Amino acid sequence: MAPVRACVTGADCTSGCVCSSNVCVNDGGFSPPANCLLAPPDSYENDNTHTSASSYQGYPQVDHTFHQARDVDWVLGATNSHQLMTVEAYNLRNSAMLRLDVYAYDHPTRTLGALLASTTTTVCSDITPSCMMYRLSVNVAPGVYAVKITDRRNVPAGSDWRPTAGYDLKMY
């Protein structure tokens, strides 16, 4: 049996597909036909590069998804003081495996600077909500910083019909 993307409503399907009998199917309106195995992009897209990153506004960004295998999300955050900046990816959904990277960033020229910190491990190994998050802290000066969140799941391209991995993000 061929893989299918499960759905409850059309919002669970990518553009060019509709939800029919709880399965995303092509609506026939695109040539070539839409790939209905793909998840729809989240509300932060297009955030696949540092030059098109979403901006962190001071409150958690919820419902980030890796709508395609090996998706990358970028978020820009700014501080006006020397501080310990902490980034958390939490509320991990559907086996999200992440890599968090924090880079210096020259906002006027949109230039990525040095990698300041990185992690690929959760805060602890227990399977509890308090452990199942990625946290990264780095001392920063006033300025703009780029956070890169990478999907590390080992799923081949074309396997995007699996439940969509997701996370929420906050910085403080």
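Given R0 = 22 Å, the distance between the Cβ atoms of Thr109 and Asn139 translates into a calculated FRET efficiency of 0.40. Shown here: the range 1-40, whose C-alpha atoms stretch 24, 24, 16 Å along the first, second and third principal axes, sorted largest to smallest. In terms of packing, defined here as the mean over residues of other Cβ atoms within 10 angstrom, the peptides 57-65, 84-92 line up highest first as 84-92, 57-65. With R₀ set to 41 Å, the beta-carbon distance separating Ile127 from Ser81 gives a calculated FRET efficiency near 0.65.
Principal semi-axes of the equivalent ellipsoid, √(5λ) from the alpha carbon gyration tensor of the range 27-68, are 27, 12, 8 Å from largest down. Applying the Karplus relation 6.51 cos²θ - 1.76 cosθ + 1.60 with θ = phi - 60° to the range 13-30 yields 3J(HN,Hα) values of 10, 6, 4, x, 10, 10, 8, 10, 6, 6, 9, 6, 10, 5, 8, x, x, 10 Hz, where x marks Gly and Pro.
Over the chain, the hull volume per residue, using the convex hull of the C-alpha atoms, is 140 Å³.
No lab work stands behind these numbers, since they all come straight from the coordinates. Everything numeric here is computed off the predicted structure, so don't read it as measured data. Every residue, glycine as well, gets a Cβ built from its backbone with ideal geometry; the counts of neighbours run over all protein chains shown.
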